[in-house]
Amino acid sequence: VTPYEELRALLQRYARAVDQRDVDGLAALFHPEATITGARGPQGLDEWLDTLRAPRAFPQSMHMLGDPIIELSEADGTAHLDCYAVVYQLGDQAQKQGDLTLGIRYADQAVLYEGHWVFRSRAAQTLWMR
Amino acid sequence: VTPYEELRALLQRYARAVDQRDVDGLAALFHPEATITGARGPQGLDEWLDTLRAPRAFPQSMHMLGDPIIELSEADGTAHLDCYAVVYQLGDQAQKQGDLTLGIRYADQAVLYEGHWVFRSRAAQTLWMR
Amino acid sequence: VTPYEELRALLQRYARAVDQRDVDGLAALFHPEATITGARGPQGLDEWLDTLRAPRAFPQSMHMLGDPIIELSEADGTAHLDCYAVVYQLGDQAQKQGDLTLGIRYADQAVLYEGHWVFRSRAAQTLWMR
């Protein structure tokens, strides 16, 4: 398996884990010292995982990712990923809660850590929301 | 061409064929003994293709697929695919028919058959619809 | 880096550049004698780039691309790409301008030119719009 395949799978495993609210599964995709930057500003991994354990505003989500642009430094065991996503935050229709759809661009640094590619840092930029 | 490329192309050829209602093209992407599991439960290939020959509820569709997670057993000539999709079922606007949008997760087993990768089984799980 | 990776990156770089209205960045992705065929019919590269410099009907866009089907002739340094896209043309909400969403299928010929894969021709077929 090439690093390119492994890096694509890393992104997709993130989508599955976050949509299933599998916090332990998510943790395994990150370097222990990872930094995650989103609407709340930069967070360490444990802090960020705690926010995911808290009740969510939407009961269901789907993270549809585009193909990443992968810039690989195989010698260093690092890669930069630039990935578009459309994120569907699906409301509770029984409660007449609407949906929220977001266009997001992820900028990631991935590293080889204990034999696997993991996220060393991830920054999510919201391009639009509806 | 690597098996990874061929498996990605298999998924995309499925999307083109199903959106073009190309039933013969679809048939060529499946093993003759394939099982397809969707809203109607498990179906054999011929039975499933017959349902595609029947009139459709929506005149047009587009199957936008995410990147698959590919677990390849090259020695066995088998692969498991896990693929997100957003499926646009587009209504007839002249008839004021609305659209239906579905979030789907496909779980596929693909096999090498007569030199090509084909679907041996495919299960579609509808995650959400709007 | 394989040609398959480079061709996927070419498509994604197109999406980034067109969404950022980076006309010079777009120009670098095309062969100087490229033909681009869209709603306006076939255009040469310079003519097409001029249309992109003109004021746009929508202030923001996002080009979400599916995985391409890549047919590579490595000996010739050419490739055919067949790529689905959902294009979000995002209106100015302060002006109560609505959004336009389009389903598009791109048929591209790419060539190796000065050591890089670039578009030699690109035809965009609008499958649906909402």
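Values in this text are rule-based calculations from the coordinates and carry no lab data. Owing to the predicted nature of the structure, the values given are computational and were not obtained by experimental measurement. For neighbour counting, all protein chains shown are included, and Cβ atoms are generated from backbone atoms with ideal geometry for every residue, glycine included.
Here are some notes:
- Evaluation of C:Gln43 against (1) at the interface with another protein chain (Cβ under 10 Å from one of its Cβ atoms); (2) among the polar types (S, T, N, Q); (3) out of contact with any Leu (no Cβ under 6 Å at 6 or more places or on another chain) (one fails), failing number: (1)
- Restricting attention to the range C:17-33, the residues that are in a helix (DSSP H, G or I) and surrounded by fewer than 18 Cβ atoms within 10 Å (Cβ to Cβ) total 4.
- Scope the range A:113-130; condition more than 21 Å from A:Glu47 (Cα to Cα) and free of Cβ contacts under 8 Å to residues at least 40 places away in the same chain; matching residues: A:Glu114, A:Gly115, A:Leu127, A:Trp128, A:Met129, A:Arg130
- Taking first residues from the range A:12-32 that are away from every other protein chain (no Cβ under 13 Å) and partners that are surrounded by fewer than 14 Cβ atoms within 10 Å (Cβ to Cβ), the Cβ contacts under 6 Å between residues at least 6 apart in sequence or on separate chains come to A:Val23/A:Arg53.
- Of the residues making up the range B:34-61, those that are outside any strand (DSSP E or B) and small (Gly, Ala, Ser) are B:Ala39, B:Ala54, B:Ala57.
- The range C:7-32, residues that are among the charged types (D, E, K, R) and farther than 11 Å from A:Ile69 by Cβ: C:Asp19, C:Arg21, C:Asp22, C:Asp24
- For the range A:53-74, the candidate set comprises residues that are out of contact with any Asp or Glu (no Cβ under 6 Å at 6 or more places or on another chain) and of a type in the set (S, T, N, Q); within that set, the residue that is nearest to the other protein chains (Cβ to nearest Cβ) is A:Gln60.
- Enumeration of residues in the range A:81-127 that are over 22 Å from A:Met64 (Cβ atoms), of a type in the set (Gly, Ala, Ser) and crowded, with 17+ Cβ neighbours inside 10 Å: A:Ser121
- Here C:Gly66, C:Gly44 are screened, and the one residue that is without any contact (Cβ under 8 Å) to a residue 24 or more places away in the chain, closer than 16 Å to C:Asp108 by Cα and over 13 Å from the mean Cα position of the chain (by Cα) is C:Gly44.
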